[in-house]
Each structure stands twice: as structure tokens, then as C-alpha cells.
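S.K.: Input: one structure, supplied below.
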Amino acid sequence: MKRSGKERWLSFLIFAPSVAAVFIFVYGFIGWSAFISLTDWRGLIPSYEIVGLKQYASLMAHPRFQRDMINTGVFTLIFLAGNLFFGLVLAALLDRRLRGTNFFRNLFMFPMAVSFVVSGTVWVWIFNPNSGLNAVFQLFGFDSGKWGWITDPKMAMYCVAMAAIWQMAGFTMAQYLAGMKGVSDDIREAARIDGAGEVQVFRHIILPQLWPVTVGAIVVLSHISLKIFDLIFVMTQGGPARATDMPGIFMFETTFRGDFFARGAAIGIVMLIMAALLIIPYLVYSRRMDA
Amino acid sequence: MNSLGKKQLSDGVAYAILLIFALFFVLPVFVMLNTSLKALSDAQNSTMWSFPAQLSLAGFIRAFEKLGSGLLNSLFLTVPATILSSLIGSINGYCLSKWKFKGSNWLFTMVLFGMFIPYQSILIPLVNFMQKVGLYNSLGSLIAVHVIYGIPITTLIFRNYYATIPDELVEAGRIDGAGIVSIYWRIFLPISLPSFVVVAIWQFTNIWNEFLFAVTLTSSPETQPVTVALQNLSGSMISQWDTQMAGAIIASAPCLLIYVLLGKYFVGGMLAGSVKG
Amino acid sequence: MSTKPLIALIALMIALTPLLSCQTDRKPDHEMDKAADTEAPPPSALKTADGELTIFSWWTAGGEADGLAEHIRLFQEKSGGVSVVNAAVAGGAGTNAKAVLKTRMLGGDPPGTFQVHGGSELIDTWVKSGMMAALDSLYDEKGWRGKFPDALIDMVSWQGRIYAVPSNIHWGNALWCNKAVFEKNGLTPPETMEQFFAVCEKLQKAGVTPLALASRNKWPVLHLFENLLAASGGRDFYMDLFAGKAAWDDDRVKKALENFKKILEYVNADHAALTWDQACGLVGQGKAAMTVMGDWARGYFVTQSLKPGEDFDAVATPGTKGLFFVITDTFGMPENAPNKVATKLYLSIVGSVEGQLAFNLKKGSIPARTDVPTDAFDPIAKKTMEYFASANLLPSAAHGSAVIEDFVVSLNDQLSVFLSEKDVDKCAGAFAFAANDAGLKKD
């Protein structure tokens, strides 16, 4: 594709303001935060004296932060696994183009329209061991009375993840549906003629074609899970017993309640590094795809 | 292979599974609706599953009173921000996919990375900045913030969309003597509707439902979007659940409407959006 | 960001640090106070000089909003109609509001006045940073010095000067009891820890949850625990702990934790999902017998159509008889408030008998002044007012009065772990670690 030098320049000029804005509001501000994280600023009066990596060291030694890191990993895993699995299953079911597909599709996607604050409040109610799901299970004769759901440190993470999956599974399903539409019917027919059953067609023809969709979904979903704050804040505030505590919650509390800006900035930078570890390989991969 | 028989059985199973999922998805909605139609004393956690002892619209009325200005603010925030960020994303995506220049990929990658940052880490510099330029506590600051932080995702979606459009269209325009801008205006923009719809839905929903920026950058009732107004319903001490649930329904209504009306565009558009790279 | 300007900035900051520390120690400027005191401002002066007062709080709903409306109404009457901006922000006992307030104050856009809990929240956050104007002249002018308890004035003072006007008092160490449940089981509200556990045993056997607890928002747990600290160590020990003069792994702290561990055998199993009002709901419905909560619980019970004194009653929490945990909302004047004359007028209403009466009747708290007539208040409120005037006052830690918030955040977090692990020694050790981490020191 031949482009003149002048055209390339014009193209750059058009893109430049966006670049500038992002450089200031993202990289500039990150730089400022990183600087703060190297100080000892605590309280409302700024203190710009550099103390090195002291904040990071104290964070790594802090039992709450250690737990937060583990929780982030666990939550991301459950959230991703659940989303991909349910998204795939729902897409597979809807791809059959049964009657009522549109209705179901709309139904599964509407949670994305609702804010985390709203859904979190309702889900906490549902997960209450006294009158929530336990009451429903008992109707069916299944005594789940001893399950603590959101009050049980061992179950709470799954509850929160379930609420998050409820919110996003529709999105993943939509991704997979679109991907499946791209698998032409001819190939499927050919496979069926060769004697392959439904499941085999799915496993060997459709699934491999969905790999790019999966990657794309993972990127968008982990973007959400690493930043997750509103939902957890509304549902458990990080409890019970730190079971669902996240760096985002710790950072909010220590910055906006504890006025410990240096520590808050340090947590922010650590969160950023975690995101970078996930995103940079993806960006490299997508650049290779483009090339 | 008895294809007819097998297919029927599978269909039945498929429907059954779908129904179970449907129940799971509808559960919270039931709780929300049910509670919002109850009288205050009835709207407790312990009576969550029982139908209202008496139907009461008091919750909705109270919620409307409290959320009225918040709804307007959200409208004045979300619509301009969505339109602006969609346009910017479109132009950016167009340039990046059809008019690549040296280093454009690197620049784009750097811009893209910006969408993954945790917003808490830039909140304080952001507020200081807004104070200095005099935009603090105005919808303008929120619009600016959402447009800027929306640049990566809108650019990405449009870039991927335009990548699926044959370069021949550009060449055809060039033969006619058109430049970058007029090719965009006359050729690409008119065919961008599907992508605009996708981006608009994504941005509208995210901006409408956003809370953190909203509560930090606006500090008075005249400027607060509906997410903050919704939080305000809970008061500082006592929760009025019927009003809160009604308010939640009201606040979610616009986005839900969009989903109901434009759902099919969303699915089709996602193919162009995230699948490629 | 290039490095050269950054280095220059750092160098500048370091150079300016000595000046900065001088500023915070220097007493705030008196001149504005003096100028405003020499003559009563004519109403027109209020209108022409900026003509607006922004009041910042987290009172957005229920009785609190009504109480605030009373103050505003009185202000507008007396000021000749100065326009008021009610900049209230809600969410979890003020956490959103506090975040917004900080950004406003730091950004140089202070409101005319703002709600702040007396004690550490006021002093450590705002007064020590030099952002508040001293109000001694206002107190003298209005003759307030004998009208508020001395211990309360101490909570809003620093280095001998007063910085805020308390508008209301909430009682912290209150044990709320469902009278019907107690009568049915032939019990009376307990006064000591032994009596408390005995009552719990009987209630447990009768199939009623003895104590309702709500740990979802974390703070009610500390709210309960600070009562236990005072019960096992007494007032002086409590004050020493938060001043950094006593060790947090002291035996008395461990005793409080032991008590807490025992109490956990008698609480509702779903506490992690409940907010404080839901716990009160359990008591109101008779599913639980008691709950420890500030006296805003009274307002909640009233909305459930329960009658104070008849359906429910309140006594001091076990082991804290004679002590009164103070949670007080106060209003001060930012050093850079845009319209100081208007602010002072507002503050004088907040501290007046008329203002305190109107406000507290709506809010459900009690006046901070001890000379407000008690007739209009309900039986429990009357009891509370008398108790307040005579008891030994203590600042509440859970509500930002006793110690800096950073430490409160750590305590809340550590207690949430204790709820599950119930390891007394480990928890006490973690408290000591957190105290060190928070830089608790003598002041």
C-alpha cells in the first residue's frame, strides 16, 4: 500500500492529540504516582522526600497485602474459567438456532447493562445463608443450611466470582457466538457427512477456530478482573476475614481513609505491574499477528 | 444414526439447560423487582423471596424524586462523551489501519496499554489537574476523563473493524483524487455504522455505570451522575431497601433499553471488534 | 515526565520543608476573627460578600437530612436569606464524603463548613495541617464554655484552642435489648461481663440468638470491640492504648479478645452478610435479644414502628457502666472558607440551644450542650442525655475520634481476620504490628 510522506505525516497529526492526551493522563500520571510511591507521604501535607523502596518493602511484608495478591490470582482464575466455560456452553447452545434464540441471547446479555454497584447489592442478599439460596434449596428438599455462602471465608470468593460471572458471561457468549458464525456451514456439513457426531464436530472443527476469540475474551475479561473494585466493595468490602480482599480495596482504604498516599501509590504501581505482565505478552502476540 | 431422533433429544436437553441458566440470570432481577414493589417495613432480607404483602410504588416515587437530577446529569455526561469518544476512536482507527506511518504500531500499542491501568493509581494527580484547569466539580471534567480514557478501546474496536474493509476502497478514493480526510468522510464514515453501534453501546454502558470518577470529580448534587445519586439513596446510616431497589431499576433502565433494542448489532459487531488480534 | 524539572521540584520541596514545618506549628491567624467580632454584620453585608454558604456533610437521607434541614432553615431565617448549597455526599458512614472533602480541601476549594467527627478526625486530619480556623472568640462571644462538657471540648481542641462546634452526640456503648424477649425468659439486661454471659447462655438455650452482630461493613465489629477494651482495661488504659502509651499485646487487650472469642459463640452465624441495621432488624423482630450499636439504632427501631422504652430499651454495654462513648458530629471553619461571616453565623446556630433542640429531635441523637430542655425527647433519649451529663466521656475509635484513621483501617482489617481465626495471641501481635506501622506515638 503506497502512501506518500505527506499522507503519513497527516495521519500522524490526526492521531497525535490522542497520543498526547494518553501520554499525559496515563503515563504522566503513572510517573507521578510512581514518584509518590518512593516518598513517605502520609497525611494531608505532601512530603516529597524520597525514601527509596521502603513502601514496597513494607507492603511485601504486610500480611494483608500478601493475601490480596493471592486473592487476585484466585479470583482472576475462577472468573476467567467460569466466564469462558459458561460463555462457550451458552454460545454452543444458542448456535443451534433453536426457536427463542433471540430471547435467550438478550436475556443472557442484559447483566452487562447493569452496574456492579447494583448487582453487588442484590447478590449479597441472595448469598445470605439465612434466607438466600439456602431457602430456595430447602424448597427442593436439599438441606444446605450449613453452607455459609458469603459469610464463609472459604466460599465467599466463589460467591463474588459467581456474581461477576453472572455479569460478564453474556459478553463472552456473544464473543463466541460471533466466532462460531464465522465457521462456515460447509465445513460442518462436510464433517457430519464424514460421520462425525455433534460433539466431535464441536471439538475438532469449531473449537480450534475459536482460539482468537478466546484470547480476545481473556484480554478484556482480565482487564476487568484486575481492576475489580466496585463489586467487591459493595458485596463484602474485602471480607470475611480478608477472603475477598483485593489490592484495589486495600489501596482505596489506605489512600482515602488512611491518607497514606505513598503506600496507596505503591499499591497502584504494583497493580499496574501485574496488569503489565498480563497485557504485554498479548500486545506482543497481536503485533506478530499483524505483521 | 437416527439423526431425527437424536436431534430431538438433544434439543430437549438444550432447552432444559437453557432454562436453568435463564433462571440463574433472572434471579437477581426477581429480587430487585420484588423488593422495589414492597412497603419499607416489608423490604427486608428475611422476606426476600416472598411476594409483597401489599404492592407499593412508594419506593419508585421516592427513588424518582432523588434520582431525577442524577439522571439528567448522567444523560448530559454520557451522550456527549459517547459521541465524542466514538468519533475520535473512528478517526484514529481509520488512520491506524489504512494510513500506517512509521512507528504507528508502537504508538498504538502504547495507547492501548493505557486502558489497563487501575484508575485508583491516577486519581489524585487527576483531581489536582482538574482543580488547576478549573474543571473540578463539573460534568466537563467527567466528559474529558471518559473521552480520554476511552480512546484506547474505541480506537481498538474501530481499527479492527476497518482492517476488515478492503484497502481497494482507499485506492478507489485516491484515484478520484481524494485525501485522507475526504476518503474518511465520504467513504469510510458512511459504512461505519455497525462499528459505531458497538462502540456506542460499550461506551454508553461503561460511562453511565461508572462510579469511581463520578464520585471523586463531582462534589455537589447539581453535577453528580446517577451512579452517585443511587449511592446517596442509601443514606449514611439507614438503608431503605425498597427505594434502593427501585432506584437501581430506574438507573439501569436506559442501558437495558439499549440492549433490548440493539442487541443484535452488538453480537455481529463483536466479531469485527475483538476477534482479530 | 523528564527528570530535570522533577529534580528541581524535589530540590525545591526539600528546601521548603523547614518553612512548611514552621507553618504547621504556628498558631492560625487571629485577625479575621477579631475583625468579624468587633461588629455584628448587617444582613446586606452577608449578601454582597459572596452571598453563599456551602455546607458539606454525609447527611443525605432520613432523620439526618431532616436535622440538617432544620439548621439550614434557621440559618436562612437569621441571615436574611443567604443561599445555601447543601453539598452532602452519601455512602457508608461518610467514606465517600470524606474522600471528596479531602480532594476539595487539598485542591483549594474548601466548603463554608463541613461535618467532621470530633477528636482525631478533626484534629489529626485538619487542625494539625493548619487548615482550620480557631473558634475561641466565637465560644467566648456566645458564652459556650460552660455549656458543653469539658471532655467534649477537649476533643475539639488542640494546644489550648478550640476548632469546632459539636452539633450532636451519639451514644456509643449502648446495648439494645428487646424487652419482650427478656421478659419472656425472665431476664434483665446485664451489667457485668459475667452477667452478660449468663444471660447469653439462657437465651441460647431458649432458641434465641443472644447477640446480633453485623460484620459486613467491618466497623460494627470494632464498635463492639472497643467496648470490650474499655470493659477489660478501664478508661485510662483505653486512652493510653490509642495514644501509643500502652502496648497492644498487653494482657488486658488479650482479655478483651478472649471475651470477644466467647461472645462469638453467641452471635448470629450470618453476620458477614449483614449491615448494622439488619442486625437491629433481628432484635426488632425478636429473633435476637441484644445488639451493641450506637444510639442511631433508636431511630431505626422507630422506623420499624417499635416504641422506645416499651418494645426496646438500652443500657450501657457490659462492664462500661459510668462510661459514655462519645460519637460527635462537629462543624468547624476552614481557614480559607469563602465567606467566613456566613460560616460563623451558621456555627452560632449549630451551637445554640434552639439549633441543638431542632436538630437533634429530627436526627435522633442528643444535644452536645447540657442545658437543652429534655421534655420533647423520648424516654431513652432523656436517659441518654442525663447519662451524658454525668458520665465519664470516652472518644470512640471506630468512629474516628480516638485515633488516626489509618490505624482504624488496620484494626478493622485485623478484627475481620479474628472473627474467623479466633486466635487471641496472633491477633494481639498483629495489633501491635499495626500500631507500629501506623506510627502511634505520644502526642
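S.K.: Report whether or not C:Asn168 is within 14 Å of another protein chain (Cβ to nearest Cβ) and either touching a helix residue (DSSP H, G or I) at 6+ places or on another chain (Cβ under 8 Å) or surrounded by fewer than 17 Cβ atoms within 10 Å (Cβ to Cβ) (or both). Spell out the reasoning first.
M.R.: Numbers: within 14 Å of another protein chain (Cβ to nearest Cβ): yes; either touching a helix residue (DSSP H, G or I) at 6+ places or on another chain (Cβ under 8 Å) or surrounded by fewer than 17 Cβ atoms within 10 Å (Cβ to Cβ) (or both): yes.
Judged against the criteria, C:Asn168 is a match.
S.K.: Go through C:Ser365, C:Ser348, C:Ser396 for me and flag whichever is of a type outside the set (A, V, I, L, M, F, W, C) and over 17 Å from the mean Cα position of the chain (by Cα). Before the answer, list the steps.
M.R.: On the way: C:Ser365 fails: over 17 Å from the mean Cα position of the chain (by Cα); C:Ser396 fails: over 17 Å from the mean Cα position of the chain (by Cα).
Checking each option against the conditions leaves just C:Ser348.
S.K.: Taking the criterion of being touching a Lys or Arg at 6+ places or on another chain (Cβ under 9 Å), in contact (Cβ under 8 Å) with a residue 12 or more places away in the chain, part of a helix (DSSP H, G or I) and small (Gly, Ala, Ser), would at least one residue in segment B:103-110 satisfy it?
M.R.: no
S.K.: Also, I was wondering about something else. Scan segment C:371-405 for residues that are within 30 Å of C:Asp236 (Cβ to Cβ) and surrounded by fewer than 17 Cβ atoms within 10 Å (Cβ to Cβ) and report the count.
M.R.: Number satisfying all stated conditions: 6.
S.K.: Follow-up. Of the residues that make up segment C:96-104, is at least one assigned to a helix (DSSP H, G or I), under 21 Å from B:Leu212 (Cα atoms) and small (Gly, Ala, Ser)?
M.R.: Within segment C:96-104, the subset assigned to a helix (DSSP H, G or I) is C:96-104.
From the residues that got through so far, the ones that are under 21 Å from B:Leu212 (Cα atoms) too are C:96-104.
Filter again for small (Gly, Ala, Ser), leaving C:97, C:99.
Among the residues of segment C:96-104, at least one is assigned to a helix (DSSP H, G or I), under 21 Å from B:Leu212 (Cα atoms) and small (Gly, Ala, Ser), which makes the answer yes.
S.K.: Please return the ranges of helices (runs of 4 or more DSSP H) entirely within segment B:122-219 where 3 or more residues are crowded, with 21+ Cβ neighbours inside 10 Å. Before you say what the answer is, go through the steps one by one.
M.R.: On the way: elements: B:123-132, B:139-163, B:168-175, B:180-183, B:193-209, B:212-217.
The helices (runs of 4 or more DSSP H) meeting that bar are B:123-132, B:139-163, B:193-209, B:212-217.
S.K.: Condition check: at the interface with chain B (Cβ under 8 Å from one of its Cβ atoms) and either among the β-branched types (Val, Ile, Thr) or in contact with a Pro (Cβ under 6 Å, 6 or more places away or on another chain) (or both). Does A:Val26 satisfy that? Give the steps one after another, and end with the answer.
M.R.: Details: at the interface with chain B (Cβ under 8 Å from one of its Cβ atoms): yes; either among the β-branched types (Val, Ile, Thr) or in contact with a Pro (Cβ under 6 Å, 6 or more places away or on another chain) (or both): yes.
So A:Val26 fits the description; yes.
S.K.: Could you say which residue among C:Ser420, C:Ser410 is assigned to a helix (DSSP H, G or I), surrounded by 21 or more Cβ atoms within 10 Å (Cβ to Cβ), hydroxyl-bearing (Ser, Thr, Tyr) and within 14 Å of chain A (Cβ to nearest Cβ)?
M.R.: Details: C:Ser420 fails: surrounded by 21 or more Cβ atoms within 10 Å (Cβ to Cβ).
It is C:Ser410.
S.K.: Among the residues of segment A:237-264, write down those that are more than 7 Å from every other protein chain (Cβ to nearest Cβ) and in a loop (DSSP other than H, G, I, E, B).
M.R.: A:Gly238, A:Ala243, A:Thr244, A:Asp245, A:Met246
S.K.: Tell me yes or no: at least one residue of segment C:79-90 is of a type outside the set (Gly, Ala, Ser), within 29 Å of C:Ala297 (Cβ to Cβ) and buried (at least 17 other Cβ atoms within 10 Å of the Cβ).
M.R.: Start the filter on segment C:79-90 by keeping residues that are of a type outside the set (Gly, Ala, Ser), which leaves C:82, C:84-86, C:89.
Then drop every residue that is not within 29 Å of C:Ala297 (Cβ to Cβ), which leaves C:86, C:89.
Keeping just the survivors that are buried (at least 17 other Cβ atoms within 10 Å of the Cβ) gives C:86, C:89.
Within segment C:79-90, one or more residues are of a type outside the set (Gly, Ala, Ser), within 29 Å of C:Ala297 (Cβ to Cβ) and buried (at least 17 other Cβ atoms within 10 Å of the Cβ).
S.K.: Cβ-Cβ below 7 Å, separation at least six or inter-chain, first residue in segment C:144-161 and in contact (Cβ under 8 Å) with a residue 12 or more places away in the chain, second among the acidic types (Asp, Glu) and part of a loop (DSSP other than H, G, I, E, B): which pairs?
M.R.: Matching pairs, first to second residue: C:Lys147/C:Asp371.
S.K.: Inspect segment A:219-229 for any residue being within 14 Å of chain C (Cβ to nearest Cβ), closer than 22 Å to A:Trp123 by Cα, in contact with a helix residue (DSSP H, G or I) (Cβ under 9 Å, 6 or more places away or on another chain) and surrounded by fewer than 23 Cβ atoms within 10 Å (Cβ to Cβ) and give the result as yes or no. Break it down into steps so the answer makes sense when it comes.
M.R.: Residues of segment A:219-229 that are within 14 Å of chain C (Cβ to nearest Cβ), as a first pass: A:229.
Those left that are additionally closer than 22 Å to A:Trp123 by Cα: A:229.
Now drop any that are not in contact with a helix residue (DSSP H, G or I) (Cβ under 9 Å, 6 or more places away or on another chain), which leaves A:229.
If we keep only those that are surrounded by fewer than 23 Cβ atoms within 10 Å (Cβ to Cβ) too, we end up with A:229.
Yes, that holds for at least one residue.
S.K.: Right, something else. Name the single residue, out of those in segment C:163-186 being within 17 Å of C:Lys382 (Cα to Cα) and outside any strand (DSSP E or B), that is farthest from the chain's Cα centre (by Cα).
M.R.: C:Asn173
S.K.: Pick out, from segment A:131-215, the helices (runs of 4 or more DSSP H) lying fully within it that include 1 or more residues that are small (Gly, Ala, Ser) and within 10 Å of another protein chain (Cβ to nearest Cβ). Spell out how you get there, then give the answer.
M.R.: Values: elements: A:133-139, A:156-181, A:185-193, A:198-201.
Result: A:133-139, A:156-181.
S.K.: What is the number of the single condition among (1) within 7 Å of chain A (Cβ to nearest Cβ); (2) crowded, with 23+ Cβ neighbours inside 10 Å; (3) of a type outside the set (A, V, I, L, M, F, W, C) that B:Asn105 does not meet?
M.R.: Failed condition: (2).
S.K.: Now a separate question. Being closer than 16 Å to C:Asn178 by Cβ, among the polar types (S, T, N, Q) and in contact (Cβ under 8 Å) with a residue 60 or more places away in the chain is the filter here; which residues of segment C:274-302 pass it?
M.R.: Listed by number, the residues that qualify are C:Gln278, C:Thr291.
Read the figures in this text as sums done on the coordinates, not as results from a lab. What you see is a predicted model, and the numbers here were worked out from it, not measured in a lab. All Cβ positions, glycine included, derive from the backbone under ideal geometry; neighbour counts span all protein chains shown.
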